[in-house]
Amino acid sequence: MAADYFPLKEKTRYEYKFTSTEFEGEAKIFIDILEVKKKAGKLVAQARMIFELRDSHTTQYTITRDAKWLTTADGVIIGGRREFPLPVKEGAKWDEYPDASEVVSLSDKVSIKAGKFARCMKIVTRLAGGDAGKSVRYYAPGTGYILEEYSGEDKTCELELLAVSKVPEEKKKGKK
């Protein structure tokens, strides 16, 4: 069984801390996988991103996994992107104009607040072919997206996983 670098499990919450030159302080980000459906050979997950700094913003989006790609329709640092090609293999390269990405390793060790992760996939993206900076991101097998360090012309930011838990139950608005 191949390692799953972006598990799509219903009712899973990923909690991150996010720092960026675009704002002061540290934001908290929750990415919730709400529902996962199989359709025509692909998995489509309904996801929700909650951004908390001084106030809170919620965005709904989808994450799709088909035979060739894991794609997010939105994201914390940049909007949607092809996260990585499937099946995962070291040396895989792809372009999403104007950026160029490569899976540079499947054996990285990453130690962050959420824990120590081995056999991580490391992806390096050269922004505008490297002219505008780069982004380095890591995915841990069985966990998913754990860390990204982005240094572009417009901003520098870091997103780090703090915890994985269950999405809290919505409070039902019932009659008293």
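Only one of Ala47, Ala73, Ala92 is hydrophobic (A, V, I, L, M, F, W, C) and under 22 Å from Lys155 (Cα atoms); which? Working first, answer last.
Values: Ala47 fails: under 22 Å from Lys155 (Cα atoms); Ala92 fails: under 22 Å from Lys155 (Cα atoms).
Sole residue among the options that is hydrophobic (A, V, I, L, M, F, W, C) and under 22 Å from Lys155 (Cα atoms): Ala73.
Checking each residue in the range 156-170 for being touching a residue at least 24 places away in the same chain (Cβ under 8 Å), charged (D, E, K, R) and loosely packed, with under 14 Cβ neighbours inside 10 Å picks out only Lys166. Total residues in the range 98-133 satisfying the condition of being within 16 Å of the chain's Cα centre (by Cα), closer than 22 Å to Phe18 by Cα and not small (Gly, Ala, Ser): the figure is 9.
Quick one: in the range 31-85, of everything that is part of a strand (DSSP E or B) and among the small types (Gly, Ala, Ser), which residue is nearest to Asp4 (Cα to Cα)?
Narrowing the range 31-85 to residues part of a strand (DSSP E or B): 31-39, 42-52, 56-65, 69-72, 81-85.
If we keep only those that are among the small types (Gly, Ala, Ser) too, we end up with 45, 47, 56.
Working: Ala45: 15, Ala47: 18, Ser56: 31 Å.
For the range 31-85, the residue satisfying everything is Ala45.
Only one of the listed residues (Ile78, Ile50) is of a type in the set (A, V, I, L, M), under 14 Å from the mean Cα position of the chain (by Cα) and closer than 24 Å to Gly142 by Cβ. That residue is Ile50. Can Gly79 be described as at positive phi and surrounded by fewer than 18 Cβ atoms within 10 Å (Cβ to Cβ)? No. Residue-level check: of (1) of a type in the set (A, V, I, L, M, F, W, C); (2) in contact with a Pro (Cβ under 8 Å, 6 or more places away or on another chain); (3) under 26 Å from Glu52 (Cα atoms), Leu161 misses just (2). Residue pairs whose Cβ atoms lie under 9 Å apart, sitting 6 or more positions apart in sequence or on different chains, and linking a residue in the range 79-103 that is touching a residue at least 40 places away in the same chain (Cβ under 8 Å) to a partner that is among the β-branched types (Val, Ile, Thr), are Glu83/Ile63; Glu83/Thr71; Glu83/Thr72; Glu83/Ile123; Phe84/Val103; Phe84/Ile123; Val88/Val103.
Results for (1) within 17 Å of Tyr150 (Cβ to Cβ); (2) among the polar types (S, T, N, Q), shown as yes or no for each residue.
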| site | (1), (2) |
| --- | --- |
| Leu43 | no, no |
| Phe51 | yes, no |
| Asp55 | no, no |
| Thr58 | no, yes |
| Thr71 | no, yes |
| Gly79 | yes, no |
| Phe84 | yes, no |
| Glu90 | no, no |
| Ser111 | no, yes |
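Taking the stated definitions as given, is Tyr145 out of contact with any Lys or Arg (no Cβ under 8 Å at 6 or more places or on another chain), assigned to a strand (DSSP E or B) and of a type outside the set (Lys, Arg)? First the steps, then the outcome.
On the way: out of contact with any Lys or Arg (no Cβ under 8 Å at 6 or more places or on another chain): no; assigned to a strand (DSSP E or B): yes; of a type outside the set (Lys, Arg): yes.
Spelling it out, it is not the case that Tyr145 is out of contact with any Lys or Arg (no Cβ under 8 Å at 6 or more places or on another chain), assigned to a strand (DSSP E or B) and of a type outside the set (Lys, Arg).
Restricting attention to the range 133-152, the residues being surrounded by 19 or more Cβ atoms within 10 Å (Cβ to Cβ) and of a type outside the set (Ser, Thr, Tyr) number 6.
Any read-out appearing in this document is the output of simple, stated calculations on the displayed coordinates, not a laboratory observation. A quick note: this is a predicted structure, and the numbers were derived from the prediction, not measured. Please note: Cβ atoms are built from the backbone with ideal geometry, for glycine as well, and neighbour counts cover all protein chains shown.
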